[in-house]
Amino acid sequence: MTPSDEARQIAELERKVAKLERINQVLIDRVERSMDGQGSAFSLFQTAIVLEAQIRARTLALERTLADLEQSYHHAARAQEQAETARLRLLAAIESISEGFALFDAADRLVLFNQRYLTFWPGMADRIHTGMLFTDIVHLAIDHKCVLDAYRDPEGWIDRRMQQHADSHGPSVHALGDGRWMQVNEKRTRDGGIVGIYTDITNLKRAETQQREAELAQKTNLLQATLDNIFQGVAVYDRHLALVAWNNEFVRLLDLTPACVADGARFDDLRVFNRSLGKLGIGQQRFLNPEEGAVPLSFEQAWHSGRILYIDRNPMPDGGFVLTFTDITRRKRTEEALRDGERRIRLVTDAMPALIAYVDAEERYQFVNEPYRQWLDRPVDQILGRKMGDLVTAELYDRRKDFVDRALAGEVVDFEVELTPSGTREPRYGHVSFVPHLGDERQSLGFFTLMQDITERRQADAAVKEANETLERRVVERTAALTRLNAQLKHEIADRREIEKALQIAKSEAEQANLGKTRFLAAASHDLLQPLNAARLFVSALADLDHSKPNRGLINNVEISLSAVEDLLAALLDISKLDAGAVQPELVDFPITSLLGPLATEHRALAEDRGLALRHVSSRAVVRSDVRLLRSIIQNFLSNAIRYTRKGRIVLGCRRCSTGLRIEVWDTGAGIPADKFDEIFEEFRQLDTAGGHDRGIGLGLAIVKRAAKTLDLPIEVRSLVGRGSVFSVTVPIGHKQPATVHRSATRRPPGRFADPLLLVIDDQRSILAGMQAMLEGWGCTAVVAASGEEALAQLAGLTRPPDLVIADYHLGDGATGAAEIIRIRQTLGTSVPGIIITANNTPAVQAVVQQHGLRLLRKPLNPAQLRALLSQLLA
């Protein structure tokens, strides 16, 4: 029971007592008035008895009421004592807290506060008292300049503070006039009042300020370190043209004097230095006069030191600008080397007997060789960039239109077509192949066209057909007259034999002509691959540099085109050599793990790049076969498995069977329909169901078919659509068990090398330049030489022996790279590792390389394979 309830109860009891007293008095008066005049004794007695009973009842009620009143007084006193104790304890608790405390009632008057609250208001603490309005305290703080935030805009601060006080949603921070910081956290009470906690956060604010200053200093140092470590020269000028930041590369690239970067240097100092260079300096007036507007500007500038600089100016929001200077000397030289490589490729393709061209997705010619140009009978500049339909007659274009659409849809197309207009006295015919060129996302980029004149072959076929028809007619005629012309029949039989012999000779001559073309392609491998090798090296070196987005796209397109030409030529050469019989198998006994282990290592990196897992199950079996051809078969199995598998894994392993050892490659690709098993082994055949990353050129399994036929080995295919495929080849078991030493190849993660010293020997200067650019882009130091004598002379000037030697097999004047590496080893007195690069894949070359413990790479060189081999040999 609260004190107020007890007070109300006491007042009610007092009112009831007063009422009882009045009733008692009225009853007594009534009895006295009702007595008759004779003073009847009985009436008096009766009245007395009634009054006594009533008085006794009223007295008992009055006594009970007084007892209740006394008990209520005791309760009220105890409640008042407890309330006073609670108030004193509350005041003590408020005074004991470390923060300031203030309580305002619903009318916004100060009800309660502690001494800590007054410490936030120096100079006005004696004027703060209970009952004071909050707005009076705010104006009093303004008058005594207690709040630093209110110096500039007192009225604005008052409005903000009153709004914060009225909202009471959370903390607010204020800077005080004596340098301290105060945080106010206000909450509204149930009765509409506001309680506020005032906390001194000066130390926290100072710590935050120190931390921000330290972070700013750290960021400044980090920015300067970043500028000093980038390969571009950078200079930052503010809106007053004062130099505010620069890096060491800025000074080095421009060969600046100290005055240009001294404290207080301005853009005028750079202009003075530029004028001192005369005609060798920057002549771009928009660059030299930023006062007229520092708009974005980019241009190339040949510098007096021989460098070629790419200068870029970008404005800043505050009115200043940033200058960047990039050394593009090496890129310019590489571009020139690429143009030289393109000229060499054109020389090779112009010498080929086929008509070769490349047409983009808009049917515009982007490349033609000389035989193709002669067929169109136009200059090259009137061909490139123009549509096919504009250069050939409507009749010739209509003959090809359907095939062009199919090629642009991603289909390999082979067809025969008349090369001359209808009605020509001596028509010419050609066999045409359209090979689609697809991008990474399966979009059509264009197609390659290969066209060969088959007029002579068709004429020979027509002659054979006509001769056969004539022969059959004459046989019928002679048979009808057999009984009459027996002697003549013998003569006709002799004539028939002569005709058949002539036909056989004609057929043999036609086959020899085709075989001669095939042998020409096989024998031309070195000349074809040399310029491709140089171009590939330059593109790889150029790709390792930083470029703008347009230049990066051009480089990627060049690399894609070179890869397509490289894959096509390599596959054509392999098929040509197999068809020409230039490859003779050399059957030897060897452990199968010596072949499968390196293949698994080489392809594991390619599989991991595509998100696939490649597992190799090793075997101790010894087989008898040709190592090189068997490697080609399994390598094409692995390449196809990686190319046409989107996700999952690839397994390479062996199983013993009754006919030998079956080598299998399992994949989890899209699978192959059973009715397509024979089709996939044909040239330029690819299935639309293949879901790989790229489609290749469709020659891998054609090479497998020819190599297996050469080795007389069976090829098997098993597949489930949607589940995957298994390609296998069965090899005879060998009879010898040679001891082998297994070495685990360690793969080094891709990245820059730790500055190894490499010696490169090649008699082609363009290849040396490309190799040097690519190797130095990988973090290597490359020393190049065009001959063995030059390499020995280079060794004398080196501070340390080379870590590895890379040499072309065929050097000038009959020298070989293997022999020159042996001479270098003898000069150094140590067995330095060596790599031979060649387009000659004969067993004799492989034997020489293996004999001297060297490693072999084929041309055109794959930079990724070279990098992986360097990581292994330099580990």
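The values are calculated or read from the model by the stated rules, or taken from the named source; none is laboratory data. Quantities reported herein were computed from a predicted structural model and do not represent experimental measurements. Positions of Cβ are generated from backbone atoms using ideal geometry, with glycine treated the same way; all protein chains shown enter the neighbour counts. Just the protein is used for accessible areas: all its heavy atoms, side chains included, with ligands, DNA and RNA removed. Shrake-Rupley method; radii C 1.70, N 1.55, O 1.52, S 1.80 Å.
Exceedance of the 32 Å cut-off in Cα-Cα distance is limited, within the set Lys501/Lys709; Lys332/Lys647; Lys387/Lys676; Lys401/Lys709; Lys705/Lys859, to Lys332/Lys647; Lys387/Lys676; Lys401/Lys709. Distances between placed amide hydrogens fall under 5 Å for Thr119 paired with no residue 5 or more residues away or on another chain. Here the 3J(HN,Hα) profile of the stretch 447-459, calculated from phi with Karplus coefficients 6.51, -1.76 and 1.60 at θ = phi - 60°, is 7, 8, 10, 10, 9, 10, 6, 10, 4, 4, 5, 5, 5 Hz, Gly and Pro shown as x. Taking every protein chain into account, the accessible area of the stretch 138-256 amounts to 60 square angstrom per residue (probe 1.4 Å).
Quick one: accessible area per residue over the stretch 331-400, 1.4 Å probe, rounded to a whole number of Å²? Accessible area per residue, the stretch 331-400: 53 Å². Using a probe radius of 1.4 angstrom, the carbon and sulfur fraction of the accessible surface of the stretch 272-316 is 54%. Backbone amide hydrogens, once placed in the peptide plane, bring Gly177 within less than 5 Å of Val147, Leu148, excluding anything fewer than 5 places away on its chain.
Proximity of backbone amide H atoms, modeled 1.01 Å from N, is registered between His437 and Leu445, Gly446, Phe447, Phe448 at under 5 Å, excluding neighbours fewer than 5 places apart on the same chain. For the stretch 578-679, the fraction of 1.4 Å probe accessible surface lying on carbon and sulfur atoms is 47 percent. Summary value for the stretch 406-466: 30 percent relative contact order, contacts being C-alpha pairs under 8 angstrom separated by 6+ residues. Remark: the stretch 761-875 carries 41 Å² of accessible area per residue (probe radius 1.4 Å; ligands, DNA and RNA excluded). Only protein atoms count toward the accessible area here, which uses a 1.4 Å probe; on the stretch 98-145, the carbon and sulfur part of that area reaches 54 percent. Where in the stretch 850-875 does the amide nitrogen come within less than 19 Å of the point 7 Å from the Cα of Arg610, taken along Cα to Cβ? What the label zone holds, given the 19 Å backbone N cut-off, is 862-866, 868.
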